[in-house]
Amino acid sequence: MTPESPGRTRREVALGLAAIWPFGRRKLEIADTRLRVVARGRSGWRFLHIHGDESTARTVLEQAAPAGVSFFVESERREVPIAGGSIDPNRLFSHAGADRSLRRRNRQWSEAQFINAGLHLDHQRPKLLDALLPRDGGVLIALHNNGMGYSIETEIPLSQKVSFKDPARPGDFMLATSARDFALMETSPFNCVLQSSAPPPDDGSLSRQCALQGKRYVNIEARSGGQEIQRAMLDWLIAHLPPQQEF
């Protein structure tokens with residue numbers, strides 16, 4: 001029975017969630033919006049849906065995530081609000097990346113506004129990363145959707161290794177930060193790349209932050225509407241890339 005099962009008292013729900021999710025809350029702040037936290041039992045899995053307009057990824061994660069903790073952005077848009085402006089939520093995981101994203105999207109701002117928004121994110125970031133990043137041996141899987149103009153070919157120049165199994169579907173691929181995980185993933189029928197390090201400039205993405213900290217991270221990219229292939233990639237990872245221990 002999960003912490004959200006009917007028939008349990010509020011105290012039992014709180015105690016059950018605390019055993020699985022040690023941070024003691026069901027939502028996390030990300031800029032000026034929130035991530036909804038869904039705990040489904042003990043495991044080293046973490047799952048993330050961070051762009052609100054990527055509805056295929058949200059549906060796949062809601063239907064297919066196994067035991068673990070999932071995070072869903074509470075938004076229907078790609079950007080999230082901050083201080084009257086906006087920022088890409090996957091570009092705020094470093095100071096430099098956040099500053100670039102803020103300046104790209106809020107050209108009308110004064111320098112003071114950029115500084116204040118950056119300070120707010122600097123204060124918020126440690127708690128956010130502490131919640132999202134898996135414990136040693138755990139795995140964080142992010143699900144994303146893309147359209148024309150972005151594919152595995154975009155990532156190849158930034159990658160250390162590439163397995164291009166399905167050239168007919170360049171928009172459907174997986175990205176790993178662990179060389180050991182990539183060695184397993186390249187035995188799959190899916191396209192995949194290894195990015196255990198990435199060249200500058202720092203774009204503030206979660207994948208770069210995980211690589212920097214030596215965390216196991218996999219991004220599952222699929223075309224919008226490609227629910228079947230995205231589900232197949234997620235199912236393959238769950239079967240072949242388990243966490244090294246339970247949390």
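In segment 130-247, counting only helices (runs of 4 or more DSSP H) that sit wholly within it, the ones holding 2 or more residues that are closer than 19 Å to Trp45 by Cβ, of a type outside the set (Ser, Thr, Tyr) and at pLDDT 95 or above span 179-185, 206-213, 227-240.
Restricting to segment 94-122, name every residue that is exposed (fewer than 15 other Cβ atoms within 10 Å of the Cβ) and farther than 19 Å from Asp202 by Cα. Once the filter is applied, which keeps residues that are exposed (fewer than 15 other Cβ atoms within 10 Å of the Cβ) and farther than 19 Å from Asp202 by Cα, segment 94-122 yields Arg107, Gln108, Ser110, Glu111, Ala112, Asn116.
With respect to the conditions (1) of a type in the set (A, V, I, L, M, F, W, C); (2) farther than 22 Å from Arg91 by Cβ; (3) free of Cβ contacts under 8 Å to residues at least 24 places away in the same chain, Leu241 falls short on a single one, namely (3).
The values are calculated or read from the model by the stated rules, or taken from the named source; none is laboratory data. Treat the numbers as computed from the prediction; the structure is a model and nothing was measured. We place every Cβ from the backbone using ideal geometry, glycine too, and count neighbours over all the protein chains shown.
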